[in-house]
Amino acid sequence: MSSLNPCEAHAPLLALDAIADGGFAEVEATLDGDAESLVLFRDGARVQAWLNICPHAGRRLDWSPGQFLRAKTGELVCAAHGASFSLTDGVCVAGPCRGESLRAVAVRVQDGQVVLD
């Protein structure tokens, strides 16, 4: 997990309603003083977040900013080399980085907004 300074914690990232249920969104956030791209995945009222970086080659997961691929079986797919990641825990279940994980970022939903936790 990344450490946040007090002004970064609870910073609104995006309205929950801006993410389709079962869909993805990309947002920028400041973590440890650096601007980072995050992947948000909405599952009902719950949102999970990971750094938008594939552990295989350090490239972004999206094929175009904010546009993510999803396997027929439901996993998030890296557009560069096809690694597939479980939406439950971010673990690579198929592809060149099998067994490695996306780096999770703690978020929560507060007053209809996705915020850093």
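Please report, in debye to the nearest 20, how large the charge dipole of the chain is about its Cα centre when each Lys and Arg carries +1 at its beta carbon and each Asp and Glu carries -1 there.
With Lys and Arg at +1 and Asp and Glu at -1, about 460 debye.
Between R98 and S37, what is the spin-label point distance in nm, taking each point 7 Å from the Cα along the Cα→C-beta axis?
Label-label distance for R98 and S37, simple model: 2.7 nm.
Which of A29, I53, S86 sits farthest toward the positive end of the charge dipole of region 12-116, with +1 on the Cβ of Lys and Arg and -1 on the Cβ of Asp and Glu?
Most positive-ward Cα: S86.
Out of F68, G44, A18, whose Cα points farthest toward the positive end of the dipole of the chain (charges: +1 Lys, Arg; -1 Asp, Glu; placed on Cβ)?
Of the options given, the answer is F68.
Could you please rank T88, T73, placing first whichever residue has the fewest other Cβ atoms within 10 Å of its Cβ?
Ranked by crowding around the Cβ, least crowded first: T73, T88.
Give the relative contact order (percent, whole number) for the chain; include only Cα pairs under 8 Å separated by 6+ residues.
26 percent.
Among V77, V115, which comes first, second and so on when ranked by fewest other beta-carbon atoms within 10 Å?
In increasing order of surrounding Cβ atoms, one gets V115, V77.
In the calculated pair distance distribution of the chain, what percentage of Cα-Cα distances lie above 17 Å?
51
Arrange D62, D111 by Cβ neighbour counts within 10 Å, fewest through most, would you?
D111, D62
Just so you know, all these numbers are worked out from the coordinates, no wet-lab data involved. The structure presented is a predicted model; accordingly, all values stated were derived computationally and were not measured. For neighbour counting, all protein chains shown are included, and Cβ atoms are generated from backbone atoms with ideal geometry for every residue, glycine included.
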